[in-house]
1. If we count other beta carbons within 10 Å of each Cβ, what is the order of 71, 233, fewest first?
2. Taking H placed 1.01 Å from N in the peptide plane, check which residues at least 5 places from residue 152 or on another chain put their amide H under 5 Å from its amide H.
3. Using amide H atoms built 1.01 Å from N in the peptide plane, name the residues 5+ places from residue 215, or on other chains, whose amide H lies under 5 Å from its own.
4. Arrange the following residues from fewest to most other Cβ atoms within 10 Å of their Cβ: 121, 132, 170.
5. R0 = 35 Å: FRET efficiency of residue 188 with residue 133, Cβ-based, nearest 0.05?
6. First select every other residue whose beta carbon is under 14 angstrom from the beta carbon of residue 72; then total the charges, Lys and Arg +1, Asp and Glu -1.
7. Work out from phi, with θ = phi - 60° and the Karplus expression 6.51 cos²θ - 1.76 cosθ + 1.60, the ³J(HN,Hα) of each residue of the range 210-224, listed in order in whole Hz, and give x for Gly and Pro.
8. For residue 114 and residue 238, FRET efficiency with R0 = 30 Å and r from the beta-carbon atoms, rounded to 0.05?
Amino acid sequence: MERNAGPGRSEIPKSPAEASFESRNVGCISILGLVLIYQLFGYPTPRLHVGASNPLFPTVTNDPQQRLLLDKSSLAGAVRRVAVEICQLNQGHEQIALIGIHKRGVPLARRLAAEIQSLSTAEVLVGSIDITQYRDDLAMMKMVPKLEGSDISFSIDDANVVICDEVIFTGRSVRAALDELLDHGRPARVQLAVLVDRPGREFPIQPDYVGIRIEPGPHERVAVRFEEVDGQDAVFVQPSTPAK
């Protein structure tokens, strides 16, 4: 039946069933389009230019000097995206070892492990490393950080390892983590997953998996908060302190 209105004609209204069918078709096409984009290009990592006039969430916090970058929901989404990418790039591996850098790399590793277990049949091992004694600025510190100790209860020889840290900035913490990791064994491959990537490298180290890339101001730092350590899930931008 002709639907288009012409000279001297009025358009015949669609039945509810026809309208519902067309709506479902449009929704299916949109979903299939997103699936195709993700299959071809992977999940896009958001990149933010964060300044005093451009916070992602202009939410007022208790501290007027800090700005909310990610809330609980968006932080969980970033973790999920990293887990999906780890699964995609490690297909065919029966085992993945996630090793978190103390302090906040540890809850990140555990959350990634939970997500990966819901997405993959691979066995997921979780460990932690304390890089304090491997830092290149240890001799310059007036107070040595509390030693948390490393906990890698499995062999990493020939293992597929993903180091996890909440933020990568200069790359020095990851360099120290690699040094300590090799004291525990000889993995087949080592990858790096971070929640936040910001520019400022002092070592040629780049993450394989990133939750979000940001470009804060030159005198600002990124503060990640996890409920397990800090009692809340959030990422803030704050006035800077000396880089670790």
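1. Arranged by neighbour count, lowest to highest, 71, 233 become 71, 233.
2. For residue 152, the qualifying residues are 128.
3. 48, 49, 50
4. 121, 170, 132
5. So, using R0 = 35 Å, E works out to roughly 0.85.
6. In short, -2.
7. 9, x, 7, 9, 9, 10, x, x, x, 10, 10, 10, 9, 10, 9
8. My answer for the efficiency is 0.60.
Read-outs: derived from the displayed coordinates by stated rules, not from any lab. What you are looking at is a predicted structure, and each value in this text was computed from that prediction instead of being measured. For neighbour counting, all protein chains shown are included, and Cβ atoms are generated from backbone atoms with ideal geometry for every residue, glycine included.
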